[in-house]
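The values are calculated or read from the model by the stated rules, or taken from the named source; none is laboratory data. Quick caveat, the model's predicted, so the values are computed rather than measured. As a convention, Cβ positions derive from the backbone with ideal geometry for all residues, glycine included, and neighbour counts pool all protein chains shown.
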């Protein structure tokens, strides 16, 4: 957070999706305003409306996080219209397809890395540039339990989430002498459009995504609650950490 008595402005990318929307609504309870960025403008506006119904200011922005010009533009718009960004949920991501690595399409692999890695990098770069001027802020990158394990059929997604964790740790070291913190949240299977799509593809292709006997999915709110903690002053001594939110499924 900001380290002052003034509630910070929060920015959430991928804020039109299930997890992003839950994060935006949760951060609205601790923020002066929430900016929601998504490639789907209608979804971003729907989240912004829910934030406003809860009593916080909101700003919906359509952008492609994988494009530098879009990232520069939305960071500038947020700081101009709402104020300095104190919390950044660097959440946008896509799943790609489920296919054995030797059949995985090149263009799909490129697009998954463009959004999930380049997008996270650009968000970090341009938000950190503003935060460094003030010397304070909290960034939470959305990785996945796929950042710490392999999964058959998910070459693009797994590679990208390993990269997100690496970027998180690098950025945390870069800001270690400031009051800026960079952490990652690693959701396991969460009830959402993305997990329904991945599991549907896996069933059709006869590929098993899970390595445990756990059957219950988490809720988007479960991820949002951890993000809120990492964004808060209660996590002031947490930097470069990877917080798993999976009900223990990676233990099997």
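Before moving on, here are some points about what is shown:
- You will find that of 173, 186, the residue that is touching a helix residue (DSSP H, G or I) at 6+ places or on another chain (Cβ under 6 Å) and either modelled with pLDDT of 95 or more or part of a loop (DSSP other than H, G, I, E, B) (or both) is 186 and no other.
- Selection within segment 86-110 - touching a residue at least 40 places away in the same chain (Cβ under 8 Å) and part of a helix (DSSP H, G or I): 101, 108, 109
- Scanning segment 201-209 finds no residues that are over 17 Å from residue 14 (Cα atoms), buried (at least 17 other Cβ atoms within 10 Å of the Cβ) and at pLDDT 75 or above.
- A single entry from 156, 119 fulfils the requirement of being at pLDDT 95 or above, buried (at least 21 other Cβ atoms within 10 Å of the Cβ) and within 30 Å of residue 7 (Cα to Cα): 119.
- Conditions (1) surrounded by fewer than 24 Cβ atoms within 10 Å (Cβ to Cβ); (2) in contact with a helix residue (DSSP H, G or I) (Cβ under 9 Å, 6 or more places away or on another chain); (3) touching a residue at least 40 places away in the same chain (Cβ under 8 Å): number failed by residue 129: (3)
- If only residues of segment 230-252 that are in contact (Cβ under 8 Å) with a residue 24 or more places away in the chain, over 20 Å from residue 147 (Cβ atoms) and part of a loop (DSSP other than H, G, I, E, B) are counted, the one that is nearest to the chain's Cα centre (by Cα) is 232.
- Residues of segment 111-156 satisfying the condition of being part of a helix (DSSP H, G or I), closer than 16 Å to residue 186 by Cα and touching a strand residue (DSSP E or B) at 6+ places or on another chain (Cβ under 8 Å): 120, 145, 146, 147
- The strands (runs of 3 or more DSSP E) found wholly in segment 1-82 and carrying at least 3 residues that are in contact (Cβ under 8 Å) with a residue 60 or more places away in the chain and touching a strand residue (DSSP E or B) at 6+ places or on another chain (Cβ under 7 Å) occupy 9-13.
- Of residues in segment 9-53 being more than 23 Å from residue 190 (Cα to Cα) and modelled with pLDDT under 95, the one surrounded by the fewest Cβ atoms within 10 Å (Cβ to Cβ): 32
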